[in-house]
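Colleague: This is the structure I have questions about; it appears just below.
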Amino acid sequence: MNKHQAIYATNTNVVTIRGDDAFDADGNPVTYDETAVQAYIDAHAYIAKRQAEYPPFTDYLDGIAKGDQAQINKYIADCQAVKAKYPK
């Protein structure tokens with residue numbers, strides 16, 4: 001989650017961002033709440049952390065292709081461990 005994504009998410013009238021300046025569809029400046037934007041970023045930080053630590057999905061697919069239930073179960077357990085480490 002980056003600042004621009006958070007600005008878009010917290011201000012539905014923003015259509016363009018240049019630097020830290022936001023604009024509506026008519027090109028008018030839009031004032032946004034920096035505190036709300038940072039709170040949104042903080043609240044969604046778990047997403048990037050989870051993505052960085054999830055095992056590759058190919059491990060799961062490989063287990064399915066081989067019919068290896070132990071490999072499938074390990075993949076699921078590894079994903080659950082990441083979810084527990086970085087809760088919503």
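The values are calculated or read from the model by the stated rules, or taken from the named source; none is laboratory data. This one's a predicted model, so the numbers in the text were calculated from it and none came from an experiment. Cβ: placed from backbone, ideal geometry, glycine included. Neighbour counts: every protein chain shown. Protein only, heavy atoms only, side chains kept; ligands, DNA and RNA dropped before computing areas. Shrake-Rupley method; radii C 1.70, N 1.55, O 1.52, S 1.80 Å.
Colleague: Rounded to the nearest whole Å², what accessible area per residue is found for the chain with the 1.4 Å probe?
Modeller: Numbers: 5980 Å² over 88 residues.
Counting only protein heavy atoms, the per-residue value for the chain is 68 Å².
Colleague: To one decimal place, what orientation-averaged projected area in nm² is obtained for the convex hull of the Cα set of the chain? Before the final figure, lay out each step's value.
Modeller: Details: hull surface 29.8 nm².
Its Cα hull, projected and averaged over all orientations, spans 7.4 nm².
Colleague: Translational diffusion coefficient, Stokes-Einstein: compute it for segment 44-88 using the Kirkwood radius over C-alpha pairs as Rh, at 25 °C and 0.890 mPa s, and state it as an integer in µm² s⁻¹.
Modeller: Working: Rh = 10.9 Å.
Answer, rounded: 224 µm²/s.
Colleague: Between VAL30 and ALA43, with labels modelled 7 Å along Cα→Cβ, what's the label distance in nm to one decimal, could you check?
Modeller: Between VAL30 and ALA43, the label points sit 1.7 nm apart.
Colleague: Here is a further query. Sequence gap at least 6, Cα distance under 8 Å: using those rules, report the relative contact order of the chain to the nearest whole percent.
Modeller: The normalised contact order for the chain reaches 23 percent.
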